[in-house]
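Below you'll find the structure, written out as structure tokens, and then a few comments.
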Amino acid sequence: MIFDVFNGDADGICALHQMRLNRPEASELVTGVKRDLALLKRTPAQPGDRVEVFDITVDKNRERLVALLETGVQVRWFDHHNPGELPAHPGFEPHIDTAADVCTSLIVDRHLNGAHRAWAVAAAFGDNLHVAARRAAEPLSLPEPRLAQLRELGECLNYNAYGDSVDDLHFHPAELYRRVHGYADPFAFIAEAPEFLALKAGYAEDMARAEALVALETRASGAIYLLPDAAWARRVSGVYANDLAQRFPERAHALVTHSPKGHYVVSVRAPVANPVGADTLCLRFPSGGGRKAAAGINGLPTDRLDDFVSAFFEVYG
């Protein structure tokens with residue numbers, strides 16, 4: 001049996017989509033909201049099975065990964081997050097690149113020699129890698145309106161992944177992947193799929209609410225926003241952080257959202273002009289992680305908000 005394990009955001013969906021367009025295979029899907037990272041724990045692979053992982057950090061899955069490898073499961077891994085120490089095992093095939101201008105879909109695109117490049121471009125836009133997206137799109141010679149469509153697609157797919165649970169989302173990521181996978185051409189999905197229209201409308205509505213927010217603290221080097229305990233706020237936290245990063249490229253941003261579980265969830269974006277430091281900042285806190293340009297904290301205790309604000313401006317001061 002084959003298990004496809006993937007992040008529920010644009011990068012995870014588009015990475016898997018490219019791979020299965022290139023090599024169609026029946027598989028069992030394992031996914032969840034964007035911050036549901038320990039997905040291997042929910043992967044019931046047995047000896048002789050194969051697991052393919054997209055856009056999930058090794059660091060949050062190492063113990064289960066080693067256990068699967070030792071039982072004879074083959075694992076191939078595509079990712080761009082800081083993996084920590086990689087296991088050395090003949091059954092493990094890692095494709096990991098942590099460069100700040102790379103996302104998992106671009107790694108898969110490289111592996112497939114650009115076979116389904118437009119989907120990788122959409123994913124890179126969704127991951128807030130606009131320069132990398134445009135660079136990847138150059139061989140496609142797309143006019144600007146088409147590039148804008150791929151950007152909107154990537155942002156809408158990414159928007160759907162943010163939430164405390166799948167109940168916050170418009171679509172379960174596995175359902176959304178299945179709908180996406182029915183389209184080899186992203187422009188056909190944009191033109192025809194009702195799921196895209198629903199995400200586009202939801203995105204616009206939630207972003208309008210976000211625009212009314214006032215920053216908790218703003219300096220020339222960065223800004224921190226505190227969002228309410230509401231489903232719309234959890235949905236918009238990552239994409240609004242990306243939007244702020246593009247509008248204020250010299251500034252770092254953090255969106256701190258109330259979770260129904262009684263803690264904060266944090267999304268951090270390094271300045272686009274200097275996309276480093278987000279991962280090391282978030283790793284200072286339990287449940288923190290990510291990559292250089294964009295990272296997060298899954299469970300920041302409410303009594304540590306001041307600690308986070310101090311650390312944020314220490315890194316981006």
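Structure above, values below:
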quantity: Descending semi-axes in Å of the stretch 52-108, equivalent ellipsoid built from Cα gyration tensor; calculated: 20, 11, 8
quantity: Cα gyration tensor category, rounded, prolate or oblate, for the stretch 114-262 with a/c compared to 1.5; calculated: oblate
quantity: Taking the stretch 252-317 and dividing mean pair separation by its residue count, relative contact order in percent (alpha carbons under 8 Å, at least six apart); calculated: 28 percent
quantity: Average accessible area per residue (Å²) across the stretch 20-127 - probe 1.4 Å, nucleic acids and ligands excluded; calculated: 40 Å²
quantity: For the chain, built as a Gaussian network whose Cα springs stay under 10 Å, the top-fluctuating residue of 141, 259, 267; calculated: 141
quantity: Accessible surface, the stretch 158-317, averaged per residue in Å² (probe 1.4 Å); calculated: 41 Å²
quantity: Computed [θ] at 222 nm, deg cm²/dmol, the chain (DSSP H ≥ 4; -39,500 (n - 2.57); rounded to nearest 500); calculated: -12500 deg cm²/dmol
quantity: Theoretical gain in end-to-end length, residue 283 to residue 229 [0.36 nm per residue, Cα-Cα removed]; calculated: 17.0 nm
quantity: Rel. contact order, % - alpha carbon contacts under 8 angstrom, at least six apart, the chain; calculated: 14 percent
quantity: log₁₀ of I(q)/I(0) at q = 0.15, 0.16, 0.17 Å⁻¹ - the stretch 242-317, Debye sum with one point per alpha carbon; calculated: -0.44, -0.50, -0.56
quantity: Convex hull volume of the stretch 35-182 per residue (C-alpha atoms, cubic angstrom); calculated: 127 Å³
quantity: Radius of gyration and maximum dimension Dmax of the chain, Cα, Å; calculated: 18.5, 55
quantity: Listed peptides 276-283, 214-221, 184-191 by packing density, highest first (mean Cβ within 10 Å); calculated: 276-283, 184-191, 214-221
quantity: Of 41/292; 60/261; 34/261; 200/292, those spanning more than 19 Å from alpha-carbon to alpha-carbon; calculated: 41/292; 60/261; 200/292
quantity: Spin-label pair residue 28/residue 200, simplified geometry with 7 Å Cα→Cβ offset, distance in nm; calculated: 3.7 nm
quantity: Size of the stretch 181-317 as Cα extents on the principal axes (Å, biggest first); calculated: 47, 33, 27
quantity: Cα pair distances in the stretch 209-274, grouped into 5 Å bins until the bin that holds the longest one, percent each; calculated: 4, 19, 32, 25, 13, 6, 2
quantity: Apportionment of accessible area to carbon and sulfur, the chain, percent (1.4 Å); calculated: 52 percent
quantity: Global form of the stretch 1-88, assessed from the alpha-carbon gyration tensor, a/c cut-off 1.5; calculated: oblate
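The values are calculated or read from the model by the stated rules, or taken from the named source; none is laboratory data. These numbers were taken from a predicted model, which means no experiment stands behind them. Counting neighbours? That spans all protein chains shown, and the Cβs are built from the backbone with ideal geometry, glycine included. When the accessible area is computed, the model is the full protein with side chains, heavy atoms only, and any ligands, DNA or RNA have been set aside. Shrake-Rupley method; radii C 1.70, N 1.55, O 1.52, S 1.80 Å.
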